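The values are calculated or read from the model by the stated rules, or taken from the named source; none is laboratory data. What you see is a predicted model; the values in this text were computed from it and never measured. In this analysis, Cβ positions are derived from the backbone assuming ideal geometry, glycine residues included, and neighbour counts consider all displayed protein chains. With ligands, DNA and RNA removed, areas are computed over all heavy atoms of the protein, side chains included. Shrake-Rupley method; radii C 1.70, N 1.55, O 1.52, S 1.80 Å.
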Amino acid sequence: MENRSEFPSPLGGVKVLDFSHVQSGPICTAMLADLGAEVVKIEPFIGDQFREPMEGANFFNFNRNKRGMALNLKTPEGKEIILKLARKSDVLVENFLPGSMDKLGLGYEAIRAINPAIIYCSISGFGQEGPFRHRPAYEPILQAMSGIMDSTGEPDRPPVRIRPAMIDYCTGANAAFAIAAALLERGKTGQGLRIDIALLDVALFSMAPYVTQFKRRGELPERAGSAQPSGGAIQNFETRDGLVYVVAGTDHMFKALCRVLGLEDLANDPRYATRKQRADRRVELSEILNRETRKFTSRDLEAKLLAADVACGMVRTVGDIVEEPHVRGRGILEEVEYPSLGKITALKTPIFFSGRAAPFRRRAPGLGENTVEILQELGYSGEEIQELIRKGVAKQSERT
């Protein structure tokens, strides 16, 4: 792994108490940890529910650079441990259903009472207020409810989900950005802030142009497969061995695309002279272009189009892209050794400072892996720690 001293730590010294689980919250706190924050992840004895799916791939990627504790928060002793941590923390992040932390006696008002400078970030599906606030939410549900799913897929087939959890990713990034801004504000006022981030708000923000168009014109975004309905020659085109996505939205790029395909007459056809005309005739234009693109291999077409300054990209698998010299050269991949799994490949936060991405200072923790050391830091004796473990308040587990 890279030496930590080689990468700046803009959040160095910031202490984060992390109650988040699954994806959006852990992404947020992973980004904070990557930038130097000291993150302590709190889990129940059963662990984060994303420890198991895909052999823990989600968990390993989004809980790097954190230490982990396993506590029973329903016990008085467990709550007291959290309060001791909260007094020393700068930031608290949670993504339970609204009201859950209040029931544990760990809501915003309770924490602010002992630490007025706390930045308390609550991430939820629908926000802390409103009729939907108590509804449980996962990424696909938000895709379904926000209009994203309805606008995704082929026109003659049912809506489909986007495979990666983009709402979770964007929510985590928004939360991390909000926390960084709140820390700056606290530096001016000395006071903490309550942050409310909702997945539905983030999803709707990503649909902002379509919301605007609907409110103006009553028009819903159409499902168009890979195509962009507002422009012709913006879609996947077939090749002899796969697909190449082409974005020839400008007049200049459309003419260049036609030249590469030997379609000079099409380039000068007045029926396709403007973007709007090409959009209006998108289906027939696609058929004409596909007849020619099928004569090329994907790599050959990609190379020829790029040489002609036409924006494009061959449709690659995950396996294809991670082997590309460009990706390897960027240094965004990191190999990490896990005791139970051996070497795995994970992704760094995609932020580069002076040409370097944040290194993995430590792998994701095993369940309760750092419980004892953190309790020791809080002043508990060895005997007291063993008694907490015996009583089912705390759990110290083996490494992952």
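Sorting the Cα pairs of the stretch 62-197 by distance into bins of 10 Å, from 0 upward, gives 11, 33, 33, 15, 6, 1 percent per bin.
Spatial offset of the stretch 67-84 relative to the stretch 30-56 amounts to 16 Å, using the alpha carbon center of each. Taken along the Cα-to-beta-carbon direction at a fixed 7 Å, the label points for V211 and K343 span 4.6 nm.
Spin-label pair D156-Q49: with each label point 7 Å from Cα along the Cα-Cβ axis, the two points sit 3.8 nm from one another. For the chain, the share of alpha carbon pairs falling in successive 10 Å distance bins from zero is 4, 19, 25, 22, 15, 9, 4, 1, 0 percent. Each Cα pair under 8 Å and six or more residues apart adds its sequence gap; the mean of these over the residue count of the chain is a relative contact order of 19 percent. Note on V318 and K88: the extension gain reaches 78.6 nm, defined as 0.36 nm multiplied by sequence separation minus the Cα-Cα distance.
Remark: for residue pairs K84/K395; K15/K343; K15/K103; K88/K391; K66/K188, the C-alpha separation exceeds 22 Å in K15/K343; K15/K103; K88/K391; K66/K188. The calculated 222 nm mean residue ellipticity attributable to helices in the chain amounts to -11000 deg cm²/dmol, summing -39500 (n - 2.57) over DSSP H runs of n ≥ 4 and dividing by all residues.
Shown is the FRET efficiency for R135 and R362, computed with R0 = 35 Å from the Cβ-Cβ distance and rounded to the nearest 0.05: 0.50.
Extension gain, V283-Q376: 0.36 nm per intervening residue step, less the Cα-Cα distance, totals 26.8 nm.
Sort the following peptides by mean Cβ neighbour count (other Cβ atoms within 10 Å, averaged over residues), highest first: 104-110, 381-387, 229-235.
On the way: 104-110: 16.3, 381-387: 12.9, 229-235: 21.3.
The most tightly packed comes first, giving 229-235, 104-110, 381-387.
Remark: accessible surface ordering of K66, K395 (largest first) is K395, K66, probe radius 1.4 Å. Please report how far the C-alpha centroid of the stretch 176-228 lies from that of the stretch 314-360, rounded to the nearest whole angstrom. So the two Cα centres are separated by 28 Å. What does a probe at I351 reach in the stretch 22-66, counting residues whose amide N is under 18 Å from the point 7 Å along Cα→Cβ? Label zone hits: 24-40, 61-66.
Restricting to bridges with both residues inside the chain, how much of the DSSP beta-bridge set is antiparallel, in percent to the nearest 5?
Close to 45 percent.
The distance from the alpha carbon centre of the stretch 268-295 to that of the stretch 132-163 is 31 Å, rounded to a whole number.
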